[in-house]
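I have placed the structure first, in the form of structure tokens, so that the comments after it can refer back to it.
The values are calculated or read from the model by the stated rules, or taken from the named source; none is laboratory data. The structure displayed is predicted, hence computed values, not measured ones. Heads up, the Cβs are rebuilt from the backbone with ideal geometry, glycines too, and the neighbour counts pull from every protein chain shown.
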Amino acid sequence: MRARLRETLLQQHGPAVDALRTFYKQHELSDPAATLSRYIWFALVTGPPPLFDPAVRHEELPPEALALEGFREILEDYYREQNIGQLWREAQPVYQQEIARLHDPVSQILLVTRAYVREMTSLADPRTFSIIVEPMVGRKTNVRNYGDHYAIVLSGMGEFPADLIRHAFLHFLLDAIPMRYSHVIASKHPLLDVAARAPRLPVDLRDDFAGFFSECLVRAVEIQLRQLAPSELAAILNEDDADGYVLVRPLVAVLPKYEKSEPSMKEYFPDMVRAIDTAAEMKRLQNVQFALADRAPDAGAEVIRVERRPPATIPDDPEALAELTEGERQIAAKHPREAERAFQKVIARYPEQPRARYGLALVALLDGDVARARQILGRLVGGESKAANDPMVLAMAHVYLGRISENEGHVAEALAEYRAASAVEGAPGQALEAAKRGIESTESRLKQAKP
């Protein structure tokens, strides 16, 4: 198919073809893989033909796609001039054949992985994971993450990349968890300070603790799923330590307890983190020798990570972090008095700490004190609140204000709050999903109310 398409494309002529070839030459890089990478990014964030409108806002476009500014208009003209739709229809059976061949092994990986994490994805979830079969990309498998959207591009050629697919899907399932519990993992930050000295640890992970924790968690879960022999397990753990992924070993040690429990990984995660003895791990790392940066990168895959930083409002204070964690645990258990005591201890040290204030709002809702909850939430979404630097708190505060207004029959006010929540930059998927449901509910009620 590649040979036939190449011959067809070489014989094409016309103004749009000339413009396309000129654009490609002007934007060609010395590394062919880097050139291809730009167009893969463009394809992932672009809508369908014939208009190829961006699927995301301009400010959300990755730098690689922005480097192809002006390509969309040229591509639109080329698509129409050369009747590419018909060319695609002729090639489509080959794509369908490859998709059919990959469907069962890919589905099995996703099924087993999702079952281990105990996480069922929802169509309403704004986070997405896409597997795209594109034989034209050659033998390299490309993994991309832009915001809450994950994609893996498979060529269908060569050996089936089972490990890479599982790794990418685990990142999709787990990446948001360390960010959600950024105040819980903060007490383990000294371990990253040690790991950052490892020459092989990727630079982008050295100052991104949530990203580092996520990568180690993914590797630990992969080890458990593979059910390795003791000698193989020891070798991999030693290699991870040498490469700087020093949290893999303690996470592997605590995962068996999770496997015997009932909660999902998302709910059990704080217990896993607390089970890691930071002092003992720091002592262990004194004897770890980091490997030299002499290993070439994997030529068979290209993985792009997006840095995610914890909110600047989280205090660097182990006691306060412990109380925040305890407060959230008691909220989940519906013990308002215990939760209130924990949050008040944080506020005694940090009077405007957003997550503690947000916790008190949830306590008020558990008590049925809607007026107090509204007062606290209103303060959090106010222009001078520090919650502006914590997307989770800001978005969820708007969501709860929306729910309060909706329950009181103020549907238009509720809709405004839900829309405000959906517009919070960096808001987690859980908050965006809640905002989306609120928007749909209130818009439906408003339509029904019209005569």
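For the stretch 204-253, how many residues meet the condition of being β-branched (Val, Ile, Thr) and surrounded by fewer than 17 Cβ atoms within 10 Å (Cβ to Cβ)?
Qualifying residue count for the region: 0.
Can you confirm whether residue 113 is at pLDDT 90 or above and outside the structural domain of residue 9 (by TED's automatic domain parsing)?
Answer is yes for this residue.
Only one residue in 382, 368, 378, 438 is in the same structural domain as residue 352 (by TED's automatic domain parsing), under 26 Å from residue 336 (Cα atoms) and touching a Gly at 6+ places or on another chain (Cβ under 6 Å). Which one?
When all the criteria are applied, what remains is 438.
Could you tell me whether the stretch 217-226 includes any residue that is over 16 Å from residue 116 (Cα atoms) and touching a Lys or Arg at 6+ places or on another chain (Cβ under 9 Å)?
Within the stretch 217-226, not a single residue is over 16 Å from residue 116 (Cα atoms) and touching a Lys or Arg at 6+ places or on another chain (Cβ under 9 Å).
Please work out which residue is farthest from residue 6 (Cα to Cα), limiting yourself to the stretch 117-134 and to residues that are in contact with a Gly (Cβ under 8 Å, 6 or more places away or on another chain) and surrounded by 17 or more Cβ atoms within 10 Å (Cβ to Cβ).
Ranking the candidates gives 126 first.
Being within 30 Å of residue 102 (Cα to Cα) and touching a Ser or Thr at 6+ places or on another chain (Cβ under 7 Å) is true for just one of 170, 191, 217. Which residue is that?
Exactly one of 170, 191, 217 is within 30 Å of residue 102 (Cα to Cα) and touching a Ser or Thr at 6+ places or on another chain (Cβ under 7 Å), namely 170.
From 52, 42, grab the single residue that is of a type in the set (Phe, Trp, Tyr), at pLDDT 90 or above and assigned to a loop (DSSP other than H, G, I, E, B).
52
Kindly evaluate residue 440 against the criterion of being touching a helix residue (DSSP H, G or I) at 6+ places or on another chain (Cβ under 7 Å) and under 24 Å from residue 149 (Cα atoms).
When the stated conditions are applied, residue 440 does not pass them.
Identify the single condition in (1) free of Cβ contacts under 8 Å to residues at least 24 places away in the same chain; (2) within 19 Å of residue 430 (Cβ to Cβ) that residue 342 does not satisfy, given that it satisfies every other one.
Of the numbered conditions (1) free of Cβ contacts under 8 Å to residues at least 24 places away in the same chain; (2) within 19 Å of residue 430 (Cβ to Cβ), the odd one out for residue 342 is (2).
I'd like the residue in the stretch 57-108 that is outside any helix (DSSP H, G or I) and among the small types (Gly, Ala, Ser) and, out of all such residues, is modelled with the highest pLDDT.
70
Considering only the stretch 163-201, state which residues are under 18 Å from residue 288 (Cβ atoms) and not in a helix (DSSP H, G or I).
196, 197, 198, 199, 200, 201
Is it the case that the stretch 217-235 has a residue that's part of a helix (DSSP H, G or I) and touching a Gly at 6+ places or on another chain (Cβ under 7 Å)?
No, the conditions are met nowhere in the stretch 217-235.
Among the residues of the stretch 61-119, what is the count of those that are without any contact (Cβ under 8 Å) to a residue 24 or more places away in the chain, among the small types (Gly, Ala, Ser) and over 30 Å from residue 264 (Cα atoms)?
1
Select from the stretch 145-162 the residues that are touching a Ser or Thr at 6+ places or on another chain (Cβ under 8 Å), in a loop (DSSP other than H, G, I, E, B) and closer than 26 Å to residue 224 by Cβ and write down the one among them that is modelled with the lowest pLDDT.
Here the answer is 148.
For the stretch 344-359, which residues satisfy the criterion of being among the aliphatic types (A, V, I, L, M) and either outside the structural domain of residue 401 (by TED's automatic domain parsing) or surrounded by 22 or more Cβ atoms within 10 Å (Cβ to Cβ) (or both)?
If the condition is that a residue be among the aliphatic types (A, V, I, L, M) and either outside the structural domain of residue 401 (by TED's automatic domain parsing) or surrounded by 22 or more Cβ atoms within 10 Å (Cβ to Cβ) (or both), then 346, 356 are the ones that fit.
Say we look at the stretch 98-116 and pick out the residues that are surrounded by 14 or more Cβ atoms within 10 Å (Cβ to Cβ) and over 24 Å from the mean Cα position of the chain (by Cα); which of these is nearest to residue 169 (Cα to Cα)?
Ranking the candidates gives 102 first.
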